[in-house]
Every structure is written in structure tokens, then in C-alpha cells.
Amino acid sequence: MREPLVAPSILSADFARLADEVGRIAAADWVHVDVMDGHFVPNLTIGPPVVEAVAAASPLPVDCHLMVADVDRWAVRYAEAGAWGVTIHAEASAAPVRTARELRAAGARAGVALRPATPFEPFADLLPEFDMVLVMSVEPGFGGQEFLDVVLPKLRRVRRAVDDVDLDVRVQVDGGVSESTIARCAEAGADVFVAGSAVYGAEDATAAIGRLRALATEHAHR
């Protein structure tokens with residue numbers, strides 16, 4: 001069993017106090033940064049300069065999730081801005097293997113993300129090229145959405161594929177992760193959990209992170 005990791009999304013943070021908000025989640029494992037361009041998804045968030053500022057202020061590794069069109073063009077810029085990990089969307093990439101190799105060459109971990117309706121199977125043979133598979137459990141673009149249980153079978157298939165090839169690949173789930181849904185995600189095989197409002201909406205972020213981690217550990221896939 002791999003140790004479960006909690007990665008709060010700063011999409012739910014107060015952007016006017018971003019350094020302080022990153023400090024609030026020091027008990028977590030990673031800082032999850034959602035990058036949206038207004039094209040691949042309808043929302044617009046931040047770019048490399050803000051990621052660079054977050055990386056400088058963060059006591060934790062910065063995990064960037066790029067929801068941007070033409071992601072092959074932009075991915076390495078986020079690694080250069082200080083992101084420890086960069087995840088590209090399969091639907092936005094024309095050359096995912098090349099981009100993953102460029103990210104690794106730049107010193108970052110490379111991830112591939114799948115929207116809820118995007119099948120995993122076409123990417124199964126590419127697992128050695130990635131350090132993480134991100135299964136979206138909501139449609140990307142906005143925080144605070146309701147968890148989609150229909151992605152649980154996909155999580156199980158990703159977990160089986162990773163276990164079958166015995167690779168050091170993390171399985172991340174993002175979207176609607178909370179104390180009421182994290183057990184199902186862990187049982188299905190996720191080992192990295194992105195939680196936005198479940199952490200930043202809590203009065204005590206440290207306690208919320210602890211509860212999520214405990215639930216994920218209790219229900220971890222075996």
C-alpha cells in the first residue's frame with residue numbers, strides 16, 4: 001500500500017492572501033495549482049509568474065494541473081517556474097510522450113490527466129512515460145462541483161494497470177473530493193487526493209487535512 005497524499009487545491013483559496021493561504025495547508029503533502037486558460041476550460045486562473053511566486057512561498061512541492069489548450073507549448077514553462085510536478089491533459093496534447101520527456105528533462109515529474117469521459121485504455125501503454133495519472137472526478141474548469149461516481153471504475157482500471165506493470169506511478173483523483181467521498185476514491189485505487197473546498201472551506205485546515213488523510217489510509221486499496 002502506498003502512503004496516501006493530500007494535495008489541497010489553491011483554487012479554493014483567497015487569492016488576495018495567497019502566501020498566507022499556502023501556509024494554512026502546511027500539514028498537507030503537496031500544493032495543487034489549477035492553471036486554466038479560458039480556452040480548454042471556460043475559467044481563467046493563473047500563469048507561470050504566479051506559480052513561481054507560489055513555489056517560492058510554499059513549504060510543500062507544487063503540483064501544477066494544466067487545463068490549457070496547446071499544452072505541449074506551455075508545459076515546460078511551469079517546470080521552469082518551479083513546479084515540482086506538471087500534469088498535462090491528454091485531450092489537449094498532440095505529443096504527450098514528447099512533452100512528458102521534456103518535463104522530466106526539466107527536472108519535473110510528469111503527469112497525464114483524463115476528463116471524466118476520456119477512456120484510460122489508449123494511454124495504458126504510455127504509463128512508463130509518466131509519474132502520475134490524474135482521473136478527473138468532475139468536469140474540469142470550476143471548483144466546488146459534485147463528485148461523479150461514474151469515474152470509480154476508471155480509477156480501478158488505472159490502479160490495476162499501474163500495479164500490473166509495477167511502476168512508481170501515482171494515481172490522483174481531483175474533483176469533489178471530501179470526507180464523504182474520499183473513502184470510495186481510496187478503495188478504487190487513488191493514492192493522491194486533491195481537495196479544494198473540503199480543506200479551504202474548513203475552519204481548521206490542518207484538522208481537515210488530517211481527517212482526509214486518515215480516511216484515505218483506512219480505506220486504501222489493497
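The values are calculated or read from the model by the stated rules, or taken from the named source; none is laboratory data. Keep in mind that this is a model prediction, so the values were computed, not measured. Every residue, glycine among them, receives a Cβ derived from its backbone with ideal geometry; neighbour counts consider all protein chains shown.
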- [ ] Hey, could you check the stretch 129-146 for residues that are under 19 Å from ALA7 (Cα atoms) and at pLDDT 95 or above and say which is farthest from the chain's Cα centre (by Cα)?
- [x] PHE130
TODO: For residues that are part of a helix (DSSP H, G or I) and either acidic (Asp, Glu) or under 15 Å from the mean Cα position of the chain (by Cα) (or both), scanning just the stretch 1-18, find the one that is surrounded by the fewest Cβ atoms within 10 Å (Cβ to Cβ).
DONE: SER12
Task: Cβ-Cβ under 7 Å pairs, at least 6 apart or on other chains, the stretch 145-159 side among the polar types (S, T, N, Q), far side at pLDDT below 95 and surrounded by 16 or more Cβ atoms within 10 Å (Cβ to Cβ) - done: GLN145/VAL138; GLN145/GLY175; GLN145/GLY176
Task: Per-region count, the stretch 199-222, residues within 21 Å of VAL150 (Cβ to Cβ) and either part of a loop (DSSP other than H, G, I, E, B) or without any contact (Cβ under 8 Å) to a residue 24 or more places away in the chain (or both) - done: 2
Task: Checking GLU3 against (1) under 22 Å from ALA208 (Cβ atoms); (2) at pLDDT 95 or above; (3) not aliphatic (A, V, I, L, M), the condition it does not meet - done: (2)
- [ ] Specify the residue that is surrounded by the most Cβ atoms within 10 Å (Cβ to Cβ); the eligible residues are those in the stretch 191-214 that are acidic (Asp, Glu) and farther than 27 Å from ASP163 by Cα.
- [x] ASP204
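Which residues, taken from the stretch 118-128, are more than 17 Å from the chain's Cα centre (by Cα) and either among the aliphatic types (A, V, I, L, M) or within 17 Å of VAL97 (Cβ to Cβ) (or both)? Full working, then the answer.
First pass over the stretch 118-128, keeping only residues more than 17 Å from the chain's Cα centre (by Cα): 119, 121-126, 128.
GLU121, PRO122, PHE123, ALA124, ASP125, LEU126, PRO128 - these are the residues of the stretch 118-128 that are more than 17 Å from the chain's Cα centre (by Cα) and either among the aliphatic types (A, V, I, L, M) or within 17 Å of VAL97 (Cβ to Cβ) (or both).
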- [ ] Could you tell me whether VAL68 is modelled with pLDDT of 95 or more, buried (at least 17 other Cβ atoms within 10 Å of the Cβ) and in contact with a helix residue (DSSP H, G or I) (Cβ under 6 Å, 6 or more places away or on another chain)?
- [x] yes
Task: Single residue of the stretch 19-44 satisfying the filter (free of Cβ contacts under 8 Å to residues at least 40 places away in the same chain and surrounded by fewer than 17 Cβ atoms within 10 Å (Cβ to Cβ)) that is farthest from ILE209 (Cα to Cα) - done: HIS39
TODO: Quick one: which residue in LEU103, LEU126, LEU134, LEU66 is farther than 23 Å from GLU52 by Cα and touching a residue at least 12 places away in the same chain (Cβ under 8 Å)?
DONE: LEU126
TODO: Could you tell me which residue of the stretch 172-185 is farthest from the chain's Cα centre (by Cα), considering only residues that are of a type in the set (A, V, I, L, M) and crowded, with 24+ Cβ neighbours inside 10 Å?
DONE: ILE182
- [ ] Specify the residue that is farthest from ARG77 (Cα to Cα); the eligible residues are those in the stretch 94-135 that are surrounded by 20 or more Cβ atoms within 10 Å (Cβ to Cβ) and of a type in the set (Gly, Ala, Ser).
- [x] ALA113
